[in-house]
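The values are calculated or read from the model by the stated rules, or taken from the named source; none is laboratory data. Keep in mind it's a predicted model, so treat the numbers as computed, not measured. Because the Cβ atoms are built from the backbone with ideal geometry, glycine has one as well, and the counts that use them run over all protein chains shown. Side chains included, ligands, DNA and RNA excluded: accessible areas come from the protein's heavy atoms. Shrake-Rupley method; radii C 1.70, N 1.55, O 1.52, S 1.80 Å.
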Amino acid sequence: MPTIPIFDPPAGLTDFDGITDQRAAWDEFMALSFQRNIEDVEAEVGAGKCQYYNAKTTSTDPPVATDVIRWKGFPLVIAAKHPGNKKAAWTEADKLVTSGGSRFRPQDEYLEWFVTRNAQNKITRVVFACEAPEYWEALAEGYPREFAMPRPQGGLGGTKHTQAQGDKNTLLALYRQLVSPSVQLSDLLDGNGRYNRQNKWNTTDGIVHLSHPANTLGAEINIGAQATILRKKNGQVLTGADDLIRCSGYGVAERASDPHIGAEVNALARAGHAITILNPVGLYIDGPPSTAGWVTPDGTPAVQFWTPVRGAVGMTVRAVFEVPSAKGYTVGDIKIGGQAIEFGGQIAEHIDVKLTGIACRPGSFQNAALACPGDAPPVAAPGVQIARLPSRR
């Protein structure tokens, strides 16, 4: 398989079409994202030894395998705080939090949702989204902001070259289409006239894309890169999801997503594969929720109320769960496990999120496992004895 000609926008979205240089800018952003992470890995494993690759500059040679990595969309961090009390977990997950002057949803598994209720406080609609904020920043400004400046150490992960400007009119039109015709451009910008990822129409008053600071496309690419590094502790190669993430320090160990992604990638790396992420790179909702056992007032299968509204087939990035008004009942009248739906999290527990990895050339790498950072034994000057203490890790 040859190299890919261009990194496509996530989910086959066409919002960039017709905007001067915008697709080229996205392609450059993605290429730089991969290259920066490859450079970081090579700094640890050595030049030419990185098993993570940029599919635009390195061919995907047979045999090729795809690895669809899935996890549940409800925040495991929140569930773990409330053992045996699901209602407390659902309540917490549905509420915005404020930290560092920003408002965002505490839904940190790369799936977020917004709930609409009627005058009786019953849920009438839940919108789920897994779109990366970088996409929307590019749409507004031409280029995701974190890649606007040169990288200090140089290399291909340096400055951007494409001078796309984005299109704020398209940005506004999409917000009005997806959230409300009441959206004004000034609502979407900060005091400096730049796009605000946590504007009110993406937090308090609606949802367009991911808002949690950890839910980014950059995080997905970084975890994939760092997880290709083989690790060992006390002379033993690590294989467990928890051991690997705590050793390498990518993502958050308490989540459902990050440790699982890392473990899947690392297993491929231990088999000597070259590894990348399938183009178009993105995080996707993996089909409708599993609704077996859900009970509706009239017996209609609940899955019929799930509607993907954004993204190509197999790459859903936005979906709505809503009962048509002609039915005479609402989402809040549907029961899951005998409990009426009172929170968006009850549905999120049944939704899978996914990313797709590509592995090729098995056995082409024979990298040695590296010690966990901070676990390497101290180096003594010649002739000096060093006392060895028991590990506390």
*Which value results when the Cα radius of gyration for the chain is divided by 2.2 N^0.38 Å?*
1.06
*Shape box of region 1-144 [Cα atoms, principal axes, largest first, Å]*: 57, 40, 34
*Over the chain, give the accessible area per residue in Å² for a 1.4 Å probe, as an integer.*
44
*Summing Lys, Arg as +1 and Asp, Glu as -1, what charge do residues with Cβ under 11 Å from the Cβ of PHE365 carry, PHE365 excluded?*
+3
*Past the 31 Å Cα-Cα mark, which pairs from LYS86/LYS354; LYS122/LYS168; LYS72/LYS327; LYS81/LYS200; LYS87/LYS168?*
LYS122/LYS168; LYS87/LYS168
_Cα-based shape type of region 179-306, given that a ≥ b ≥ c are square roots of the gyration tensor eigenvalues and the cut on a/c is 1.5_ = oblate
*asked:* Report for the chain the percent antiparallel among DSSP-assigned beta bridges with both residues inside it, nearest 5.
replied: 95
*Would you be so kind as to identify which of GLY344, ALA138, ILE275 lies farthest towards the positive end of the dipole of the chain, taking Lys and Arg as +1 and Asp and Glu as -1 on Cβ and the Cα centre as origin?*
GLY344
*Which of the trypsin sites (Lys or Arg not before Pro) found in region 192-278 are in a DSSP loop and have at most 14 neighbouring Cβ atoms, other than their own, within 10 Å?*
ARG194
_Label-reachable residues, region 355-375, where backbone N falls under 18 Å from a point 7 Å from THR58's Cα toward its Cβ_ = 356-370
*asked:* What is the ratio of the Cα radius of gyration of region 283-348 to 2.2 N^0.38 Å, with N the residue count, to two decimals?
replied: 1.13
_region 212-284: C-alpha gyration tensor shape, a/c 1.5 cut-off, then a/b vs b/c_ = oblate
*Please report, in debye to the nearest 20, how large the charge dipole of the chain is about its Cα centre when each Lys and Arg carries +1 at its beta carbon and each Asp and Glu carries -1 there.*
860
*Under the definition of Cα pairs under 8 Å and six or more residues apart, what whole-number percent is the relative contact order of region 235-278?*
31
_Let me check I've understood the local charge: for LYS122, count other residues with C-beta under 10 angstrom from its C-beta, Lys and Arg +1, Asp and Glu -1. What total comes out?_
-1
*Using alpha carbons only, what's the Rg to Rh ratio of region 233-328 with Rh from Kirkwood?*
1.16
*Counting pairs of Cα atoms in region 191-234, how many percent are more than 13 Å apart?*
68
*Roughly to the nearest percent, how much of the accessible area of the chain is carbon and sulfur, given a 1.4 Å probe?*
53
*Counting alpha carbon pairs within less than 8 Å and at least 6 residues apart, what relative contact order, in whole percent, applies to region 144-297?*
12
*Which residue, LEU238, LEU283, LEU185, has the most motion in a Gaussian network model of the chain that connects Cα atoms within less than 10 Å?*
LEU185
*Do you know the relative contact order of the chain, to the nearest whole percent, from alpha carbon pairs under 8 angstrom that are 6+ apart?*
25
*Isotropically averaged projected area of region 164-224, using the convex hull of Cα atoms (one quarter of hull area), nm²*: 5.1
*So for region 92-239, what are the equivalent ellipsoid semi-axes in whole Å, largest first, each being the square root of 5 times an eigenvalue of the Cα gyration tensor?*
32, 24, 12
